[in-house]
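What follows is a short report on a single structure.
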Amino acid sequence: MKKQNVAVLVGAAVMALTSSLGGAAMASGPTPQPASAEVQPVSHTVDKSQTSGSAASPLADRYSIAAPTKNGGASTDSVIGADGRVRITNTTAAPNRSIVQIEFNGGYICSGSLISDDTVLTAGHCVHTGGTGSTADYSWGVKVAPGRNGSTDPYGTCGATQLLTDQRWIDSANTNADWGVIKLDCTIGNTTGWLNYTGTTASLNGTTATVRGYPGDKAFGTMWSMTGTIDSSATEKVYYKMDTFGGQSGAPVYNNSNTIVAIHTNGGSTNSGTRITPTLANYLTSVK
């Protein structure tokens, strides 16, 4: 397959301030919009000399040890009932070593997953502010750490060369288009391996799925996970009650075959993610 230098940062953003113990901010996110049958991909070449820039997405949270709260509305924070997440301590086992923590914009965090030797799949709001229509609002200072385990980076870290997302996310923060890709300046996936993905159109209701990533209400750099079932599915979204928190934006939602079916993006009275449609899957294959 022809390799292309393309990248998109996506995921729920969280300010990585380990000294801050304040509660996580609940963002007033965008209202879901009608589904579109086609993705509208755009790419951005990363300027590695950039050390400042626009603010992160309104879906960003601050890294905090505060206990999560059950607030409604559009956010990335949602622990529904008792917290069912468990910590993953063996981050060098598969598929954990293919799951990454993303740092950007001077301390914000997201999660993501390697889908090739040099390509990370994440949330659109991890790579672009969203809703501004501006090419100036891409994330900056992006760093990716596969299999991070607290202060240990068993595979080191990589930078970004390109960010990719959907024009619908850039223009209107359409949550149906909240997907992102990051092209890396390394080929670490040849060491860690990567996750497969599948584009679906049939109902995913009742499918067993896992959300695994790096939440901002836990100790810095620790990976957490919960398995449950998908409650409902729409053309470009899936809905579930697996517990999440800010920082897990962009985390893979994957089935029992470790195949990604969605990208975690939002929380509230239920949690949700951007569905991998056949169109999106085909695009990912073309750029990975």
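The values are calculated or read from the model by the stated rules, or taken from the named source; none is laboratory data. Just so we're clear, the structure is a prediction, and the values are computed from it rather than from any experiment. Glycine also receives a Cβ, built like all others from the backbone with ideal geometry; neighbour counts cover every protein chain displayed. Ligands, DNA and RNA are stripped out before the accessible areas are found, and what is left, the full protein with its side chains, is counted by its heavy atoms. Shrake-Rupley method; radii C 1.70, N 1.55, O 1.52, S 1.80 Å.
Within the stretch 192-223, being of a type in the set (Ser, Thr, Tyr) and in contact (Cβ under 8 Å) with a residue 60 or more places away in the chain holds for THR192, TYR197, THR198, THR200, THR201, TYR214, THR222.
The rows are residues; the columns are (1) of a type in the set (A, V, I, L, M, F, W, C); (2) in a loop (DSSP other than H, G, I, E, B).
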site: GLY130; (1), (2): no, yes
site: THR135; (1), (2): no, yes
site: ALA145; (1), (2): yes, no
site: ILE170; (1), (2): yes, no
site: ASN176; (1), (2): no, no
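Of all residues in the stretch 106-127, those satisfying the criterion of being modelled with pLDDT of 95 or more and open to solvent by 10 Å² or more (accessible area, probe 1.4 Å) are ASP117, ASP118. Filtered by the rule that a residue be over 11 Å from MET242 (Cβ atoms) and either in a strand (DSSP E or B) or at pLDDT 95 or above (or both), the stretch 263-274 gives ILE263, THR265, ASN266, THR274.
Could you list, in sequence order, the residues of the stretch 228-246 that are of a type in the set (Lys, Arg) and open to solvent by less than 20 Å² (accessible area, probe 1.4 Å)?
Of everything in the stretch 228-246, just one residue is of a type in the set (Lys, Arg) and open to solvent by less than 20 Å² (accessible area, probe 1.4 Å), namely LYS237.
Going by the structure shown, is ASP217 over 19 Å from ALA56 (Cα atoms) and either aliphatic (A, V, I, L, M) or open to solvent by less than 20 Å² (accessible area, probe 1.4 Å) (or both)? Answer is no for this residue.
Go through SER249, SER225 for me and flag whichever is at negative phi, open to solvent by less than 10 Å² (accessible area, probe 1.4 Å) and touching a Cys at 6+ places or on another chain (Cβ under 8 Å). The conditions single out SER249.
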